[in-house]
Amino acid sequence: MKRIGKYWAIFKTQILNTLAYPGELAWRSLSIILFLWVFANLWRVTYRAEGSGTLNGISLKDMLWYLMLAETIELGKPRLARVMADAVKDGSVAYLLNKPYHFILYHLSTGMGESLVRGSMTALFGGAIVWLMMGPPPDPRGWPLAAAGVLGAWLLHFCVNALIGLAAFVSEEVAPYEWIYQKLAFILGGLFIPLDLYPLWLQNIARYLPFAYMLYGPARLFIAPDIGLFLNVLGGQIFWLAVLGGLLFFFYSRGMRRLAINGG
């Protein structure tokens, strides 16, 4: 319990640190309004061109609410790869490794604290603009299912970002890995287009990869809550968390042996 309390304290401290700059927080969160306004106009044209009120069972209203939650997950996800890489470059990683907490769990606590605040603020602004443009959100009874999916998605994002950050222990520069991961998540995670609208062969590939559980799954749950879908998303997230979490701690132990600290 003492160990859990230690990371809980770090989590709460990070929330307070993020809230300490409300102007910067609000400004970054407001970007979702521009994204959703552009998407709304693009999808209006698409639905009009198709001459149908739905695309594979998804209405224009549901499409915008889907995009709102997908963007919230993306904009609020833990971004630790650059933080970890910079700590290696400037030598401050030695300071962190010397503290009485686990390096990975420390970053998990800070990352989730920041994600909670930024994600909540982004959802507030994004939800407001979609509500004004399209009407009220989907059935609130499905919100707890979507919230659980968002939490799992952020944990998956953390694992991948931390794995990319650990690459700095060897190569120092991680920007190319981060860029590749981001583009894979955008396409195979269904950030801009739900996987339902992909060709069937690509849907099948995407559903076997972790990216679908980072974006598509939680966002689909939000607009079409279903216990079967929830169990599928939850099961996929647990599986990939076990795989990526195991790899994370394995490469952390190996990386510690090869770490070269500069600066400091």
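The values are calculated or read from the model by the stated rules, or taken from the named source; none is laboratory data. Quick caveat: nothing in here was measured; it's all calculated off a predicted structure. Cβ: placed from backbone, ideal geometry, glycine included. Neighbour counts: every protein chain shown.
Scanning the stretch 1-48 for residues being within 30 Å of HIS102 (Cα to Cα), among the hydroxyl-bearing types (Ser, Thr, Tyr) and surrounded by 12 or more Cβ atoms within 10 Å (Cβ to Cβ) gives a total of 3. Within the stretch 31-78, if we keep just the residues that are on the phi < 0 side of the Ramachandran plot and in a loop (DSSP other than H, G, I, E, B), the residue that is modelled with the highest pLDDT turns out to be LYS77. Consider the stretch 79-119 and keep the residues that are modelled with pLDDT of 80 or more and not in a helix (DSSP H, G or I). The one that is nearest to the chain's Cα centre (by Cα) is LEU80. Name the residues in the stretch 189-203 that are in a helix (DSSP H, G or I) and either of a type in the set (Ser, Thr, Tyr) or within 17 Å of GLY57 (Cβ to Cβ) (or both), would you? Selection gives LEU195, ASP196, LEU197, LEU200, GLN203. Of everything listed in (1) surrounded by 22 or more Cβ atoms within 10 Å (Cβ to Cβ); (2) closer than 17 Å to PHE39 by Cα, the single unmet condition for ILE129 is (1).
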